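Comments concern the structure below.
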């Protein structure tokens with residue numbers, strides 16, 4: 001597994017996407033959640049992408 005430890009932004013969100021993400025995290029009612037983005041082999045282009053909330057960061 002590859003883990004990014006650099007604190008600089010690795011991707012950017014629009015203001016609307018950031019607002020929606022905050023709304024979804026708040027709805028989970030669990031402290032310490034972060035958005036995890038995973039890239040896995042497979043799919044039509046050779047990769048599939050997953051996004052989910054994770055407290056284990």
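Annotations
- In segment 12-36, the residues that are part of a loop (DSSP other than H, G, I, E, B) never reach a residue that is loosely packed, with under 10 Cβ neighbours inside 10 Å with C-beta atoms less than 7 angstrom apart, at least six apart or across chains.
- Enumeration of residues in segment 22-33 that are exposed (fewer than 11 other Cβ atoms within 10 Å of the Cβ) and in contact with a strand residue (DSSP E or B) (Cβ under 7 Å, 6 or more places away or on another chain): 28
- With respect to being surrounded by 10 or more Cβ atoms within 10 Å (Cβ to Cβ) and modelled with pLDDT under 90, residue 4 falls outside the description.
- Considering (1) under 14 Å from the mean Cα position of the chain (by Cα); (2) at pLDDT 85 or above, the lone condition that residue 12 does not fulfil carries the number (2).
The values are calculated or read from the model by the stated rules, or taken from the named source; none is laboratory data. All figures in this text were calculated on a predicted structure; none of them were measured in a lab. Note that each Cβ is placed from the backbone with ideal geometry, even for glycine, and that neighbours are counted across all protein chains shown.
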